[in-house]
Amino acid sequence: MDKVKAIVLFAKPWRFVDENTGQVKEGITVEYVMTDNLVPVNNEDGSVGYEHVRQTLHVDNAKKIEKVPGIYDMTFGYTVIKGRPVMKLQTLKFVSEVI
């Protein structure tokens, strides 16, 4: 598993009942930038700044989201989607507020 520091910008829990199966589905949508400071940056592709990432986390991580925006240690693992390995956010841990 890979670990990265990132700034969480937004987090929102969600829950719904699948109409077809009746199964309750729930999780947390998290939006973040993969840096722990927001100094200006020029990217290799000619873009500038930080592109945000949006992912869904398991609902068990809700208690770990203490302050937003905030700096978090994020742990990533791999999952397989359509036969390809994809890096996915697994857990996070609060480090500090963004100053």
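Listing for the model above:
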quantity: Test: residue in the range 68-85 that is polar (S, T, N, Q) and either exposed (fewer than 12 other Cβ atoms within 10 Å of the Cβ) or more than 18 Å from Lys5 (Cβ to Cβ) (or both); calculated: yes
quantity: Filter pass, Arg54 being under 12 Å from the mean Cα position of the chain (by Cα) and of a type in the set (Lys, Arg); calculated: yes
quantity: Leading residue by the ranking (surrounded by the most Cβ atoms within 10 Å (Cβ to Cβ)) among those in the range 1-49 that are part of a loop (DSSP other than H, G, I, E, B) and of a type in the set (Ser, Thr, Tyr); calculated: Thr35
quantity: Selection status of Met87, among the hydrophobic types (A, V, I, L, M, F, W, C), in contact with a Ser or Thr (Cβ under 7 Å, 6 or more places away or on another chain) and modelled with pLDDT under 95; calculated: no
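The values are calculated or read from the model by the stated rules, or taken from the named source; none is laboratory data. Note that the structure is predicted; figures quoted are calculated from it, not measured. Note: ideal-geometry Cβ built from the backbone for every residue, glycine included; neighbour counts use all protein chains shown.
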